[in-house]
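Report on the following structure.
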Number of protein chains: 2
Amino acid sequence: MKAGNMARRMSKTRKTKDKGSKSGKKRATSYDVAELAGVSQSAVSRVFQDGASASKAMRERVMAAADKLGYRPNAIARGLITQRSNMVAVVISKLTNLYYPEVLVQLTQRFSERNVRVLLFALEREGDTGSVVEQMLQYRVDGVITAAMFSPEQLRTIESAHIPVVFYNRTSREPLVSSVRCDQEAGERWLVDELVRAGHRSFGVVEGPEDSVVSIERKMGALNELTQLGITDVTTVSGDFGYETGRACFSELVEKRGNVPDAVIAANDVMAIGCIDEAREGHGLHVPDDISIVGFDGVGPARYAAYDVTTVRQPVQRMTESAASMLLERIERPELSPEKRAFSGIPIRGGSARLLKTGE
Amino acid sequence: MKAGNMARRMSKTRKTKDKGSKSGKKRATSYDVAELAGVSQSAVSRVFQDGASASKAMRERVMAAADKLGYRPNAIARGLITQRSNMVAVVISKLTNLYYPEVLVQLTQRFSERNVRVLLFALEREGDTGSVVEQMLQYRVDGVITAAMFSPEQLRTIESAHIPVVFYNRTSREPLVSSVRCDQEAGERWLVDELVRAGHRSFGVVEGPEDSVVSIERKMGALNELTQLGITDVTTVSGDFGYETGRACFSELVEKRGNVPDAVIAANDVMAIGCIDEAREGHGLHVPDDISIVGFDGVGPARYAAYDVTTVRQPVQRMTESAASMLLERIERPELSPEKRAFSGIPIRGGSARLLKTGE
DNA sequence: GGCAGTATTGCATTCGTATGCAATTTGGCG
DNA sequence: CGCCAAATTGCATACGAATGCAATACTGCC
């Protein structure tokens with residue numbers, strides 16, 4: 001009954017083996033294991049699944065054979081038949097940002113725990129999403145987490161393939177996508193409020209690259225709150241989230257204004273650090289006595305003693321945990337409606353800004 | 001002639017469509033495209049390959065149909081039949097190291113350029129390679145780049161699956177693996193030589209985690225050279241490559257010695273920065289007047305003005321480029337023998353160490 | 001126009017696993 | 001011991017694309 005099948009497989013296998021004389025034998029398949037264990041291929045398949053029915057005896061025989069052959073189920077073939085690759089795409093731009101590495105590691109670990117693999121797409125700039133969509137779709141990823149922007153058209157393409165997407169720190173007008181974000185506006189509001197409470201009246205704002213949604217939200221959050229509080233002496237310059245432009249921006253700011261503002265609000269910690277260095281070295285200023293400088297993110301270097309940046313830390317743990325859970329949930333149950341979650345940042349009263357004591 | 005085939009496919013397809021009433025139609029396959037274009041599935045397949053023969057007319061018809069259906073070749077299915085997934089595994093430990101993010105981004109981009117996808121495995125610690133091997137093999141990656149250590153047994157497992165491996169910044173006694181590394185010993189030698197030339201005679205050495213090969217190589221490189229030069233006043237303490245332990249290590253060092261050494265050699269830049277902060281804040285020392293502190297890696301923060309770390313920069317560009325090329329080459333031609341490449345680091349004379357001027 | 005030679009195209013099979021269905025075994029229990 | 005239900009197992013086929021081989025369509029040339 002099964003002889004025919006076996007014979008077919010065997011003869012083919014043999015032929016293949018003979019051909020590949022040098023590199024030795026091919027990887028073992030479920031048929032090889034089945035043959036050695038004297039059972040059917042279906043049985044092998046079932047033993048290597050969770051909820052499948054297989055007797056203890058069967059399980060043992062198959063496992064023994066599998067061990068002997070070094071058999072491992074082929075996830076590619078499995079993906080083909082189950083229509084689930086168990087891979088998700090993580091799209092991230094310019095990791096040199098210092099903030100994303102942590103996000104990436106955590107996301108990867110969260111997915112690993114749940115037995116999902118991460119296909120990484122690293123963009124040079126946020127806009128470079130060109131072939132990424134194409135690749136994701138070709139590899140039939142089950143879902144996407146993106147910290148970069150896709151065009152509406154790209155989104156439609158992804159959506160038409162029924163692949164759930166979770167935006168990380170960015171939202172989209174499209175109502176179909178889920179997102180996890182840190183409430184940048186609220187964070188900036190806190191920073192502005194504290195600075196103003198402590199008597200700062202003239203401001204410099206250092207924004208990030210123009211194609212970054214995060215930067216825009218932070219800038220607008222700060223500017224709106226400043227306006228709200230009746231502060232009009234505000235100068236804006238823009239950098240690229242990097243240290244060097246942070247330094248350049250500070251000088252540009254001073255030059256543009258013709259004086260030194262009471263405080264500088266940088267779109268992220270790295271640029272804040274650049275500003276601090278330039279204030280000290282380039283302009284002989286003392287931080288925070290002569291000027292207050294604040295950032296955003298709460299990255300590692302912001303805590304270095306030489307800077308001790310006053311900032312708002314993103315709750316990365318909770319955000320990545322949420323992002324992973326939301327994505328997996330939507331993969332499991334595509335009928336669920338999208339969800340948007342916003343987390344508050346954690347205020348860090350560092351030494352780079354002259355603030356009132358808490359409760360003062 | 002093709003009617004039978006078509007009919008079979010069509011009936012099946014229809015049935016599937018009807019069942020999945022809610023989510024609409026399934027993703028288009030090459031059969032769907034073939035049907036619409038009035039050609040065979042093979043033709044479609046050929047149009048979507050590089051070196052396949054297809055007439056201009058054919059190409060156009062198929063492409064038109066494919067566009068209309070939003071067809072994309074299924075990389076999973078392709079991988080199954082071609083025995084090539086076009087995915088490589090990149091294994092990296094604890095990205096918070098600040099050095100690896102850049103490596104990761106660059107590797108990913110190099111592979112992307114060559115149309116190869118990256119499956120990311122992020123380890124909490126270097127040792128956590130447990131299930132990683134299993135996963136890599138199940139997904140049939142074409143190759144592996146690892147910045148973590150695998151046990152000899154794990155290596156044998158990978159090797160028996162004929163998957164080429166390139167070690168990044170670590171070598172293995174096993175002769176079968178290729179590797180790309182920065183010559184840590186030479187770098188440390190340079191640092192030690194310069195420090196000794198400039199008159200430093202007592203040393204502290206801050207090593208990294210014990211399971212890190214990189215740390216061991218750096219420590220041994222420094223210690224050997226110190227011995228070589230007849231310096232015996234050397235104290236060693238160990239951290240974990242992180243900022244906080246850098247600070248702790250400095251204090252521990254001073255306490256252990258009962259005095260402040262002329263120079264501290266840290267296993268990486270981040271710990272060097274920690275040492276600098278602790279020297280300044282915790283011990284009121286001036287860097288480099290009272291003490292010289294050097295690191296290794298050449299990461300971003302090492303160039304911040306407040307630290308300006310004297311260090312050895314790894315040539316990341318060339319190293320990642322090499323790693324990617326070597327891996328792809330070995331994938332293409334498995335018969336090639338492994339190769340080990342070592343790159344010299346780039347000496348950076350920062351302000352954190354009192355060295356003689358060049359040529360002095 | 002005819003013929004050899006080449007470029008296209010289609011057919012049939014293959015990759016390795018999952019799974020519906022039917023057949024078989026096992027177990028429980030009177 | 002027998003009988004029914006439940007658990008286990010095997011068979012056959014599907015997933016979606018690639019490819020050797022054979023059939024067919026072009027091409028150029030005399």
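To keep it simple, each residue is scored yes or no on (1) at pLDDT below 90; (2) open to solvent by 20 Å² or more (accessible area, probe 1.4 Å); (3) more than 9 Å from DNA strand C (Cβ to nearest atom); (4) not in a helix (DSSP H, G or I).
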| position | (1), (2), (3), (4) |
| --- | --- |
| B:SER45 | no, yes, no, no |
| B:GLU60 | yes, yes, yes, no |
| B:MET63 | no, yes, yes, no |
| B:ALA77 | no, yes, no, no |
| B:ARG84 | no, yes, yes, yes |
| B:VAL88 | no, no, yes, yes |
List every residue pair whose Cβ atoms lie under 8 Å apart, where the two residues are 6 or more positions apart in sequence or sit on different chains, the first residue falls within the range B:183-200 and is in the same structural domain as B:PRO261 (by TED's automatic domain parsing) and basic (Lys, Arg), and the second residue, located anywhere, is part of a helix (DSSP H, G or I) and open to solvent by 10 Å² or more (accessible area, probe 1.4 Å).
B:ARG189/B:GLU225
Considering the range B:313-360 alone, what residues qualify as being of a type in the set (A, V, I, L, M, F, W, C) and either without any contact (Cβ under 8 Å) to a residue 40 or more places away in the chain or within 30 Å of B:ASN115 (Cα to Cα) (or both)?
B:VAL316, B:MET319, B:ALA323, B:ALA324, B:MET326, B:LEU327, B:LEU328, B:ILE331, B:LEU336, B:ALA342, B:PHE343
At pLDDT 90 or above and within 12 Å of DNA strand C (Cβ to nearest atom) - does that describe any residue in the range B:24-31?
yes
Residues (under 28 Å from A:SER45 (Cβ atoms), basic (Lys, Arg) and more than 16 Å from DNA strand D (Cβ to nearest atom)) located in the range A:65-114:
A:LYS68, A:ARG72, A:ARG114
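Looking only at the range B:209-243, how many residues end up being among the β-branched types (Val, Ile, Thr) and in contact with a Gly (Cβ under 9 Å, 6 or more places away or on another chain)?
Counting residues in the range B:209-243 that are among the β-branched types (Val, Ile, Thr) and in contact with a Gly (Cβ under 9 Å, 6 or more places away or on another chain) gives 6.
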Does the range A:105-117 contain at least one residue that is within 16 Å of DNA strand C (Cβ to nearest atom), in contact with a Leu (Cβ under 9 Å, 6 or more places away or on another chain) and among the hydrophobic types (A, V, I, L, M, F, W, C)?
yes
Given the residues A:GLU153, A:GLU102, A:GLU134, which is the only one that is touching a residue at least 24 places away in the same chain (Cβ under 8 Å) and in a helix (DSSP H, G or I)?
A:GLU102
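When you look at B:GLU329, is it among the acidic types (Asp, Glu), open to solvent by 40 Å² or more (accessible area, probe 1.4 Å) and assigned by TED's automatic domain parsing to the domain that holds B:ARG173, yes or no? Quick ask: steps written out before the conclusion?
Values: among the acidic types (Asp, Glu): yes; open to solvent by 40 Å² or more (accessible area, probe 1.4 Å): yes; assigned by TED's automatic domain parsing to the domain that holds B:ARG173: yes.
So B:GLU329 passes the test.
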When the residues of the range A:46-64 are narrowed to those that are in contact (Cβ under 8 Å) with a residue 12 or more places away in the chain and under 30 Å from B:VAL88 (Cβ atoms), which ends up nearest to DNA strand D (Cβ to nearest atom)?
A:VAL47
A:VAL192 being open to solvent by less than 20 Å² (accessible area, probe 1.4 Å), touching a helix residue (DSSP H, G or I) at 6+ places or on another chain (Cβ under 6 Å) and part of a strand (DSSP E or B)
no
Evaluate the following for A:GLY298: is it open to solvent by 10 Å² or more (accessible area, probe 1.4 Å), in contact with a Gly (Cβ under 9 Å, 6 or more places away or on another chain) and within 14 Å of chain B (Cβ to nearest Cβ)?
yes
Residues satisfying the stated conditions in the range A:105-129, i.e. open to solvent by 10 Å² or more (accessible area, probe 1.4 Å), part of a helix (DSSP H, G or I), more than 7 Å from chain B (Cβ to nearest Cβ) and not small (Gly, Ala, Ser):
A:GLN106, A:ARG110, A:GLU113
Taking the condition of being assigned to a helix (DSSP H, G or I) and open to solvent by 50 Å² or more (accessible area, probe 1.4 Å), how many residues in the range A:277-295 meet it?
3
Inside the range B:307-319, the number of residues satisfying the requirement of being within 12 Å of the chain's Cα centre (by Cα) and modelled with pLDDT of 95 or more is 1
Residue selected from the range B:49-58 under the condition more than 8 Å from DNA strand C (Cβ to nearest atom) and more than 14 Å from chain A (Cβ to nearest Cβ), by the criterion nearest to A:GLU159 (Cα to Cα):
B:ASP50
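So that you can scan it fast, the table gives a plain yes or no per residue for (1) under 23 Å from B:PRO101 (Cβ atoms); (2) of a type outside the set (S, T, N, Q):
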residue	(1), (2)
B:PRO288	no, yes
B:ILE291	no, yes
B:ASP308	yes, yes
B:ARG318	yes, yes
B:SER322	yes, no
Just one of the numbered conditions (1) closer than 25 Å to A:VAL213 by Cβ; (2) outside any helix (DSSP H, G or I); (3) open to solvent by 30 Å² or more (accessible area, probe 1.4 Å) is not true of A:ARG247; which one?
(2)
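For (1) within 14 Å of another protein chain (Cβ to nearest Cβ); (2) buried (at least 21 other Cβ atoms within 10 Å of the Cβ), each residue gets a yes or a no:
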{"residue": "B:ASP211", "(1), (2)": "no, no"}
{"residue": "B:GLY221", "(1), (2)": "no, yes"}
{"residue": "B:ALA263", "(1), (2)": "no, yes"}
{"residue": "B:CYS275", "(1), (2)": "yes, yes"}
Of the residues in the range A:130-179, those that are over 18 Å from A:SER85 (Cα atoms), open to solvent by less than 40 Å² (accessible area, probe 1.4 Å) and within 12 Å of chain B (Cβ to nearest Cβ) come to A:THR157
Flagged in the range A:47-58 as open to solvent by 50 Å² or more (accessible area, probe 1.4 Å) and over 37 Å from the mean Cα position of the chain (by Cα), in numbering order, are A:SER53, A:SER55, A:LYS56, A:ALA57
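The values are calculated or read from the model by the stated rules, or taken from the named source; none is laboratory data. Just so we're clear, the structure is a prediction, and the values are computed from it rather than from any experiment. So basically every Cβ, Gly included, is an ideal-geometry build from the backbone, and we count neighbours across all protein chains shown. For the accessible areas, the whole protein counts, side chains as well, though only heavy atoms, and no ligand, DNA or RNA atoms are used. Shrake-Rupley method; radii C 1.70, N 1.55, O 1.52, S 1.80 Å.
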